[in-house]
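Q: If you scroll down you'll find the structure; I have some questions about it.
The values are calculated or read from the model by the stated rules, or taken from the named source; none is laboratory data. If you're wondering where the values come from, they're calculated on a predicted model, not measured in any experiment. All Cβ positions, even for glycine, are placed from backbone atoms using ideal geometry, and neighbour counts span all protein chains on display. Heads up: the accessible areas ignore ligands, DNA and RNA and are worked out on the full protein's heavy atoms, side chains in. Shrake-Rupley method; radii C 1.70, N 1.55, O 1.52, S 1.80 Å.
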Amino acid sequence: MKESYFPQEIEKKWQAVWEENKAFHTPDNSDKPKYYALSMFPYPSGKLHMGHVRNYTITDVIARFKKMQGYNVLHPIGWDSFGLPAENAAMQHGADPAKWTDENIAYMTKQLKMLGLSYDWEREVTTCKPDYYKWTQWLFIQLFKKGLAYKKEAGVNWCDNCGTVLANEQVIDGKCWRCDSVVEKKYLSQWFFKITDYAERLLEDLDKLEGWGDNVKTMQANWIGKSKGAIFRFKVKEVDGLEVPVYTTRPDTVHGITYLVVAPEYKDIEKLTTPENKQAVEEYRANARKMSEIERLSTERVKTGVPLGTHCINPFTGEEFPLWTADYALVEYGTGAVMAVPTHDTRDFDFAKKYNLPLKVVIQNPENPSDCKDGAYTEEGILVNSNEFNGMKNTEAKEAITQKAVDGGFGEFKTQYRLRDWLISRQRYWGAPIPVVYCDKCGIVPEKEENLPVMLPTDVDFSVVGKSPITTSKTFEETTCPICGGKAKREMDTMDTFVCSSWYYLRYSDPKNSTRPFSKELVDKWLPVDQYVGGIEHAILHLLYSRFFTKALKDLGLLSFDEPFKNLLTQGMVLKDGSKMSKSKGNTVDPDEIFENYGADTARLFILSDSPPARDFDWSDAGVEGCYKFLNRVWRLVSDNQKYLTKDYKLSFPLARENDDLVRTVHIAIKGITNDIANDFQFNTVISKYRELTNAIYDWRGKKSDLSEEDRNVLSFAIISLVKLMAPVTVHMSEEIWHDLGGEGSVHNEKWCEWDENLAKASKITLVVQVNGKVKDKIEADEGVNDEELKNIALSSEKIKELTAGKEIVKTIVVPKKLVNIVIK
RNA sequence: GCCCUUGUGGCGGAAUCGGUAGACGCGUUGGACUUAAAAUCCAAUCGGGGUUCUCCCUCGGUGCCAGUUCAAGUCUGGCCAAGGGCACCA
């Protein structure tokens with residue numbers, strides 16, 4: 001064994017050996033129980049960043065730990081490789097997106113291997129390859145056949161910079177999630193997935209996900225946005241037979257309606273406008289259309305609107321009230337029309353105040369009645385001015401009033417969701433083509449399954465502006481109808497890349513299958529994913545879409561489970577100097593440099609060391625240095641003592657020498673480390689325990705000049721245990737030391753260390769003696785003493801005698817093996 | 001505005017059940033080794049006060065204010081701050 005630690009040399013060597021031996025290949029057949037550990041697969045942007053390093057290290061340590069614990073571990077990797085950056089690179093540098101992507105994958109693959117990650121590379125999946133997107137298209141067709149994929153004309157989010165539409169989930173604060181440009185509204189015919197059909201199940205099943213954090217679950221629940229209320233239909237006085245339905249969560253306030261608002265895009269708005277008001281309404285609508293999403297959504301904005309000139313009749317009171325249009329009513333939500341009760345809704349109040357609309361109080365706090373002239377009363381209360389419902393609590397009136405509407409035939413109970421259907425069309429080239437054709441005779445027809453994949457054309461011009469490059473292909477659009485064989489045109493849109501990433505974790509179970517996306521047998525064997533690890537930024541987008549896919553595919557009979565990810569760990573960001581690493585801030589750290597200067601083991605150790613995985617992690621150069629020093633310290637510990645170490649690395653557990661403190665320390669460390677990993681993967685404390693154990697071995701060794709036969713066994717036991725405990729983290733160094741000590745095979749195939757409960761505690765205890773809850777003395781005692789003896793030990797302490805002299809002892813509390821508290825007066 | 005998360009030394013953070021607050025590390029300071037440096041090793045390191053001064057005593061301290069308890073970083077109620085999510089969703 002070399003005297004000094006040369007990580008680069010060791011790491012290269014073992015990476016080659018593992019690759020040669022296919023050390024991390026996962027067989028489908030095994031007697032061992034399965035464990036599926038998964039990191040969110042990367043977009044091949046060019047180079048790994050520290051966020052990747054953190055993500056993949058966490059999952060890798062979990063995978064290796066589970067393997068040592070006796071599981072057959074599936075730990076795959078792949079590439080989310082469709083998407084705009086490849087296309088942008090093509091536009092800017094004239095590169096081929098496929099080539100650009102391949103080069104990036106090649107480079108990043110090299111980096112992943114340098115990090116020493118235990119992937120089964122035979123299961124690698126790349127979403128932009130025809131053997132993968134064939135099945136993305138196939139799944140699209142299955143959803144289409146089930147009525148879950150459909151095309152409709154809709155107001156969509158348009159990003160002019162990206163030249164494509166965006167899903168609602170991809171609009172952040174009215175801006176594009178990718179490029180930050182302001183999103184506009186456009187009216188286009190687009191493909192959607194009917195995720196709204198699954199709204200209730202997506203919400204309900206969140207309860208099943210015990211292994212997910214509350215933050216992610218709440219974000220999803222808020223996004224689905226379930227609310228319970230009622231639909232009321234109001235007859236229009238001026239137009240015979242026309243009704244305006246509204247959705248409300250406050251049916252209890254129905255007697256307080258003083259006007260009604262429809263969205264500028266409301267379907268019947270023209271019928272509801274009188275000739276005198278037509279011009280003003282038209283102008284208002286034109287203006288609303290022009291406005292960007294961001295302007296329209298601003299809460300600071302003063303509400304505006306114009307009257308339509310017509311009126312509705314409130315069936316509860318017979319009162320008439322005017323109709324208005326205002327853009328605070330949203331056409332996409334509810335019925336696109338809102339009943340306005342300014343006395344009990346702050347938005348309605350603001351609007352009524354501005355346009356001088358009347359107020360009518362219908363809910364009152366009996367202790368503190370308000371006329372609502374200065375603001376809406378939105379708390380609970382008792383109904384007034386509400387005919388037969390007067391005196392009823394408003395919470396009870398909700399149901400009673402809705403029931404009256406149901407009985408009267410002018411309303412019903414209604415549950416509403418905020419979630420909208422998932423818009424998947426993209427007017428871009430670098431994505432999976434949507435496999436449908438348009439035939440004049442047969443209409444919208446899915447491509448025949450035997451004709452899949454619908455290949456991306458390669459004869460395209462990337463320099464075009466304002467339209468998808470795919471439209472410049474001379475060979476792509478013209479095709480024949482799969483039904484009638486006549487001339488037909490292909491769909492020119494491609495799919496949102498989130499479609500590709502909504503099922504990749506299923507493909508890993510059967511990545512080479514050429515007849516199906518995956519076999520049912522294998523997908524049911526490996527899935528659900530036991531531990532998923534990735535960034536919080538996917539809390540809604542990717543995770544919601546994947547859950548939807550899993551449920552839809554279960555309904556199609558393709559698999560037997562309905563939640564894809566049993567446990568989810570959302571790792572925190574990697575910061576430098578308190579802010580997120582980014583190129584624009586110039587505070588990035590290049591993983592390559594760290595590998596080169598310190599080696600991958602140091603990088604892995606450090607990225608796990610300072611913070612628990614779920615929290616943000618502050619990168620510091622001094623911290624890296626500290627971890628490197630620690631590894632050197634471990635190395636020296638072994639090399640300095642190598643001549644004393646036994647080759648019998650299978651030393652029996654527990655080691656006979658119970659009275660040796662070091663033996664106990666090792667057992668304590670094994671127990672602590674195993675529990676810390678089991679408890680939410682607290683790798684930061686795991687690493688502090690590596691250090692404690694190392695320090696303890698040094699201390700023990702420092703006290704001995706000569707080592708007896710038994711001492712040598714104890715030392716060997718301690719060092720071999722340390723090396724094995726560190727193996728999931730410092731993968732190369734542990735392997736090297738393992739072999740230097742005469743170990744066979746791979747340390748990564750060794751069984752995880754076990755501990756003896758009797759030895760995993762100190763032989764002596766420190767008895768803490770408190771007086772009135774304050775610590776006054778600490779006394780060493782034998783581990784086995786009982787409560788009565790502990791009490792006597794405490795009371796016989798000189799210090800305690802002094803403190804209690806002349807005082808009455810009210811009571812004495814004994815916590816076994818720990819503490820005695822004496823209460824005096 | 002609503003929802004979620006988090007508040008502990010100079011810093012990252014530790015503390016299964018309510019039971020020694022500050023593990024482990026970074027940083028800092030002092031020392032050893034060395035011609036010197038690096039590396040390494042040893043020691044100190046929450047704050048105030050006291051002291052017979054490498055020993056030791058005492059008081060305070062986990063965002064703030066209350067409460068429960070023999071005992072609260074941990075439990076309960078009420079606030080405050082930071083980060084994140086949603087947001088004219090009727």
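Q: If we sort A:144-151, A:703-710 on the protection proxy, mean other Cβ atoms within 10 Å, highest first, what's the order?
A: Values: A:144-151: 16.2, A:703-710: 9.0.
Output ranking for A:144-151, A:703-710: A:144-151, A:703-710.
Q: What ³J(HN,Hα) values, in whole Hz, does the Karplus curve 6.51 cos²θ - 1.76 cosθ + 1.60 give for region A:34-42 when θ = phi - 60°, with x put for Gly and Pro?
A: The phi angles translate into 8, 9, 10, 10, 9, 9, 5, 5, x Hz.
Q: Taking R0 as 45 Å, what FRET efficiency do you get between residue A:706 and residue A:808 from their Cβ-Cβ distance, rounded to the nearest 0.05? Numbers along the way, then the final one.
A: On the way: r = 57 Å, r/R0 = 1.26.
Step by step, r from the Cβ atoms, then E = 0.20.
Q: Here is a further query. For a quick size check, give me the Cα extents of region A:123-219 along its three principal axes, largest first, whole Å.
A: 40, 35, 31
Q: Applying 1/(1 + (r/R0)^6) with R0 = 25 Å to the Cβ-Cβ distance of residue A:801 and residue A:762, what FRET efficiency is obtained, to the nearest 0.05? Can you show the working numbers first?
A: On the way: r = 27 Å, r/R0 = 1.08.
Result of the calculation: an efficiency of 0.40.
Q: Show the residues, 5+ positions off or on another chain, whose built amide H is closer than 5 Å to the amide H of residue A:569.
A: A:532, A:533, A:534
Q: Is there a quick way to get the dipole size of chain A? I mean about its Cα centre, with the Cβ of Lys and Arg at +1 and of Asp and Glu at -1; what is the value in debye to the nearest 20? Show your work: numbers first, answer last.
A: Values: 109 positive and 122 negative charges, 31 e Å.
That gives chain A a dipole magnitude of about 140 debye.
Q: Relative to the longest principal axis of chain A, what angle (0 to 90°, nearest 10) does the C-alpha long axis of helix A:683-702 take?
A: Computed tilt is about 10 degrees.
Q: Can you tell me which of A:47-58, A:776-787, A:521-532 comes out highest on packing, and rank the rest after it, using the mean Cβ neighbours within 10 Å?
A: Working: A:47-58: 22.1, A:776-787: 13.2, A:521-532: 19.9.
My ranking of the peptides, most packed first, is A:47-58, A:521-532, A:776-787.
Q: Pop out the ³J(HN,Hα) list for region A:439-446 in order, Karplus 6.51 cos²θ - 1.76 cosθ + 1.60 with θ = phi - 60°, rounded to Hz; leave Gly and Pro as x.
A: Once rounded to whole Hz, the list reads 10, 4, 7, 9, x, 7, 10, x.
Q: Continuing with the same structure: Please compute the per residue accessible area over region A:105-187 with all protein chains in place, 1.4 Å probe, rounded to a whole number of Å². Numbers along the way, then the final one.
A: On the way: 3210 Å² over 83 residues.
Accessible surface, normalised per residue, equals 39 Å².
Q: Shifting gears a bit: Looking at chain A only, what percent of DSSP beta bridges run antiparallel? Nearest 5 please.
A: Details: 75 of 99 bridges.
Just about 75 percent of them are antiparallel.
Q: Further question on the same structure: Multiplying the sequence separation of residue A:537 and residue A:584 by 0.36 nm and subtracting their Cα-Cα distance, what value in nm do you get?
A: Numbers: separation 47, 0.36 × 47 = 16.92 nm, distance 1.94 nm.
Once the chain is fully extended between residue A:537 and residue A:584, it gains 15.0 nm.
Q: For each pair in A:228/A:303; A:152/A:194; A:228/A:373, compute the distance between the two Cα atoms and list the pairs where it is over 19 Å. Mind dumping the intermediate values first?
A: Working: A:228/A:303 26 Å; A:152/A:194 11 Å; A:228/A:373 28 Å.
Going by Cα-Cα distance, A:228/A:303; A:228/A:373 fall outside the 19 Å limit.
Q: Take the cross-link list A:467/A:583; A:113/A:474; A:47/A:146; A:34/A:551; A:47/A:129; A:278/A:353 and give me the ones stretching past 32 Å between alpha-carbons. Don't skip to the end; give the middle numbers.
A: Working: A:467/A:583 30 Å; A:113/A:474 41 Å; A:47/A:146 40 Å; A:34/A:551 22 Å; A:47/A:129 20 Å; A:278/A:353 24 Å.
Checking Cα-Cα distances, A:113/A:474; A:47/A:146 exceed 32 Å.
Q: While we're looking at this one, here's another question. Please list, or write none, the aspartates and glutamates whose alpha carbon is within less than 15 Å of the alpha carbon of residue A:2, excluding same-chain residues fewer than 8 places away.
A: A:11, A:640, A:735, A:736, A:740
Q: 5 Å is the cut-off here: which amide hydrogens, built 1.01 Å from N in the peptide plane, fall below it relative to residue A:310, excluding neighbours closer than 5 in sequence?
A: The answer is A:274, A:323.
Q: Going by average Cβ neighbours within 10 Å, how do the peptides A:405-415, A:252-262 rank, with the highest at the top? Please report the intermediate quantities before stating the final value.
A: Details: A:405-415: 14.9, A:252-262: 25.2.
Result, highest mean first: A:252-262, A:405-415.
Q: Does anyone have the angle between helix A:621-641 and the longest principal axis of chain A? Alpha-carbon axes, 0 to 90°, nearest 10?
A: The angle comes out near 30 degrees.
Q: Now a separate question. Report, by chain and number, residues whose modeled amide H sits under 5 Å from the one on residue A:681, excluding near sequence neighbours (fewer than 5 apart, same chain).
A: Close amide H contacts, sequence-distant or interchain: none at all.
Q: Can you give the helix-only mean residue ellipticity at 222 nm for chain A, where every DSSP H stretch with n ≥ 4 adds -39500 (n - 2.57) and the sum goes over all residues, rounded to the nearest 500 deg cm²/dmol? Don't jump to the answer; show the numbers that get you there.
A: Details: 24 runs with 289 residues, N = 825.
Only helices count here, giving -11000 deg cm²/dmol.
Q: Which of the residue pairs A:585/A:629; A:208/A:554; A:525/A:724; A:145/A:290; A:12/A:671 have a Cα-Cα distance greater than 27 Å in the structure shown? Kindly include the intermediate steps, with their values, before the conclusion.
A: Numbers: A:585/A:629 29 Å; A:208/A:554 16 Å; A:525/A:724 30 Å; A:145/A:290 37 Å; A:12/A:671 32 Å.
Over 27 Å Cα-Cα: A:585/A:629; A:525/A:724; A:145/A:290; A:12/A:671.
Q: If I take R0 = 51 Å and measure r between the Cβ atoms of residue A:474 and residue A:249 in this structure, what FRET efficiency does the formula 1/(1 + (r/R0)^6) give, to the nearest 0.05?
A: Numbers: r = 55 Å, r/R0 = 1.08.
Rounded to the nearest 0.05, the efficiency is 0.40.
Q: Residue by residue, what Karplus-based ³J(HN,Hα) values in Hz, rounded to whole numbers, does region A:90-107 have, using 6.51, -1.76 and 1.60 with θ = phi - 60° and x for Gly and Pro?
A: Computed from phi, the couplings for region A:90-107 are 4, 5, 7, 10, x, 7, 7, x, 5, 5, 4, 5, 4, 5, 5, 4, 4, 5 Hz.
Q: Now for a different question. Specify the angular offset, from 0 to 90 degrees and rounded to the nearest 10, of the alpha carbon long axis of helix A:130-145 from the longest principal axis of the alpha carbons in chain A.
A: Relative to chain A, helix A:130-145 is tipped by roughly 40 degrees.
Q: Roughly to the nearest percent, how much of the accessible area of chain A is carbon and sulfur, given a 1.4 Å probe?
A: Values: 17630 of 36560 Å².
Result for chain A: 48 percent of the exposed heavy-atom area is carbon or sulfur.
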